[in-house]
Amino acid sequence: DTGVSQDPRHKITKRGQNVTFRCDPISEHNRLYWYRQTLGQGPEFLTYFQNEAQLEKSRLLSDRFSAERPKGSFSTLEIQRTEQGDSAMYLCASQQGNQPQHFGDGTRLSIL
Amino acid sequence: QKEVEQNSGPLSVPEGAIASLNCTYSDRGSQSFFWYRQYSGKSPELIMFIYSNGDKEDGRFTAQLNKASQYVSLLIRDSQPSDSATYLCAVNSRGQNFVFGPGTRLSVLP
């Protein structure tokens, strides 16, 4: 399977805990995006990388969120001190050049 | 603030009819336009993309772009119950992030 892979598919955690998600993009894609989506809304941009460089980060993103793409391949998204409002689907997408983005299956986060 | 707007619906059409989905965007510098389909609980799936003014057809789907009016639409011909989903419009400017609309929920009635 050469699509975008996300892990885990589901994460349930208690409020205040830290969580980390992983995304493996399509291998030749140099851009990688993270989005958050809640019910009835479109994907909300969080951040994106071109190779290993983080080029843009949403102003809506609190400092509890951090993302890395250390070798320009896979990426991780960490949320520290999770809150109820962090419950959402976290989507990763990758892209090459001006071609369309392709999405992974997402990680659904539930905060108890 | 770059915005993409869509009618949230639901848009209901009978099976076999044409479904017309509309999207407007605020950034005149936008260059690339995408339509994604999203089934409940699933991730967005690319249907079509368009870069130039005019129409682009792919099977039962036609994307229409009018940059002067900042408007992009998706027509689905011979709608099927399996087309029932949320349709997301996304807009991109070169070197910048993608902006998604809230989506239009389409229901195709048998």
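Nothing in this text is a laboratory measurement; each read-out follows from the coordinates by a stated rule. From a predicted model like this one, the values you see are computed outputs, not experimental measurements. Cβ: placed from backbone, ideal geometry, glycine included. Neighbour counts: every protein chain shown.
So here's what we get for this one:
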| item | result |
| --- | --- |
| Debye, to nearest 20: dipole size of the protein assembly as shown, +1 on Lys, Arg Cβ, -1 on Asp, Glu Cβ | 500 debye |
| Computed E for A:SER66/A:ARG9 - FRET, C-beta separation, R0 30 angstrom, nearest 0.05 | 0.90 |
| Mean Cα-pair separation over length for chain B, i.e. relative contact order, pairs under 8 Å, 6 or more apart, % | 38 percent |
| Net charge over other residues, Cβ less than 14 angstrom from the Cβ of A:LYS14 (K, R count +1; D, E count -1) | +1 |
| Along chain B, longest interval not containing exposed GluC sites (Glu not before Pro), exposed being DSSP loop plus at most 16 other Cβ atoms within 10 Å | B:16-110 |
| Lysine-lysine proximity count for the protein assembly as shown, Cα under 16 Å, sequence distance 8 or more or distinct chains | 4 |
| Binned Cα-Cα distance frequencies in the stretch B:65-106 - 5 Å width, integer % | 5, 16, 22, 24, 16, 10, 5, 1 |
| C-alpha center-to-center spacing [the stretch A:34-72, the stretch B:22-70] in angstrom | 23 Å |
| Kirkwood-based Rg to Rh ratio, chain A, C-alpha trace | 0.95 |
| Within the stretch A:2-112: Cβ-based charge dipole about Cα centre, in debye rounded to nearest 20 (Lys, Arg +1; Asp, Glu -1) | 300 debye |
| Coil-residue trypsin sites (Lys or Arg not before Pro) of the stretch B:1-83, DSSP, other Cβ within 10 Å capped at 10 | B:ARG28 |
| Alpha-carbon Rg with Dmax, taken over chain B, Å | 13.3, 43 |
| Over the protein assembly as shown - Rg/Rh using Cα atoms and the Kirkwood inverse-distance radius | 0.97 |
| Total formal charge among the other residues, if their Cβ is under 9 angstrom from that of A:THR76, Lys/Arg +1 and Asp/Glu -1 | 0 |
| Cα shape, the stretch B:17-63, gyration tensor, a/c 1.5 rule | oblate |
| Cα→Cβ-extended label distance, 7 Å offset, between B:SER40 and B:ASP55, nm | 3.4 nm |
